[in-house]
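What follows is a short report on a single structure.
Read the figures in this text as sums done on the coordinates, not as results from a lab. Fair warning: this is a prediction, and the values are worked out from it, not measured in the lab. As a convention, Cβ positions derive from the backbone with ideal geometry for all residues, glycine included, and neighbour counts pool all protein chains shown.
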Amino acid sequence: MTLDTTAGDTARTSEIRTPEILRYTAFSADPAGGNPAGVVLDATGLDDAAQLAVAAELGYSETAFLTAPPEGLGEPGRAFTIRFFSPLAEVAFCGHATVATAVALAERQGPGDLVFATQAGPVPVTVTRQDGALRATLTSVEPRVEPISRPTSTRRWPHWTGPPPTSTRRCRRGSPTPAPATWSSAPPPAPDWPSSTTTSTGWPP
């Protein structure tokens, strides 16, 4: 694609490269199933706006974009920087788009070990051939806990303090009258969430 621009009396011609956009389905051998993802194996020269535009036009939940890896990451040709864009914004990590990208690379370079530099950290992926089909297994980054700042708003939202609501349309003649609803402006009690740490070691075949 050629773009002609004019600045004063000088006409300039710039070549704008249109990237090859691949469409893959992860977790399924049936194109009608699984989880679709877009893959751009060479996003060199595409800025954030261009990558977002590609993802928005494609319309999948995420599209992956590959560029050169940071220095010292993996073997040449087997390591990449990968970024993920939804149709609305960039996201830090996407598992199914990573799997799709690994399979796309294996189709061109053969199976083996890959490593991707993501915003969440390095993600190693192993691609093998089983029964004639390529399968990618990734190891997710180590989980971490980040503090969340306390909301600054002092506004109190009303919450339900009465019994479970009952629809009067389902009450038959002679049945108890539903209890009246009551509301309170006091903040509800904080839930007692159990603390846990989960580490994912890969995707199921």
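Place the peptides 133-141, 35-43, 94-102 in order of packing, highest mean first, counting for every residue the other Cβ atoms within 10 Å and averaging per peptide.
Ranking the peptides 133-141, 35-43, 94-102 by packing returns 94-102, 35-43, 133-141.
May I ask you to sort Phe84, Phe65, Phe93 by Cβ crowding, counting other Cβ atoms within 10 Å and putting the fewest first?
Details: Phe84 26, Phe65 29, Phe93 18.
Listed from fewest to most nearby Cβ atoms, that is Phe93, Phe84, Phe65.
Working out 0.36 nm times the residue gap between Ala92 and Asp48, then minus their Cα-Cα distance, what length gain in nm do you get to one decimal? Before the final figure, lay out the partial values.
Details: separation 44, 0.36 × 44 = 15.84 nm, distance 1.36 nm.
Full-extension gain reported as 14.5 nm.
Whole-Hz ³J(HN,Hα) for each residue in the stretch 109-124, computed from phi via Karplus 6.51 cos²θ - 1.76 cosθ + 1.60 with θ = phi - 60°, x for glycine and proline: what do you get?
10, x, x, x, 8, 10, 9, 10, 8, 10, 5, 8, x, x, 10, x
Fewest first, what order do Ile21, Ile148, Ile82 take by the number of other Cβ atoms within 10 Å?
On the way: Ile21 15, Ile148 6, Ile82 26.
By the 10 Å Cβ count, ascending, the order reads Ile148, Ile21, Ile82.
Can you tell me how much longer the chain between Arg108 and Ala29 gets when fully stretched, taken as 0.36 nm per residue apart minus their C-alpha distance, in nm with one decimal? Don't jump to the answer; show the numbers that get you there.
Values: separation 79, 0.36 × 79 = 28.44 nm, distance 1.82 nm.
Contour length minus Cα-Cα distance gives 26.6 nm.
Phe84: net charge of surrounding residues, Cβ under 15 Å, Lys/Arg +1, Asp/Glu -1, itself excluded?
Working: positive: Arg83; negative: Asp48, Glu62, Glu90.
Around Phe84, the charge tally is -2.
Each residue of the stretch 98-105 in turn: what ³J(HN,Hα) in whole Hz from Karplus with 6.51, -1.76, 1.60 and θ = phi - 60°, glycine and Pro shown as x?
Karplus-based 3J(HN,Hα) across the stretch 98-105 equals 5, 4, 4, 5, 4, 5, 4, 5 Hz.
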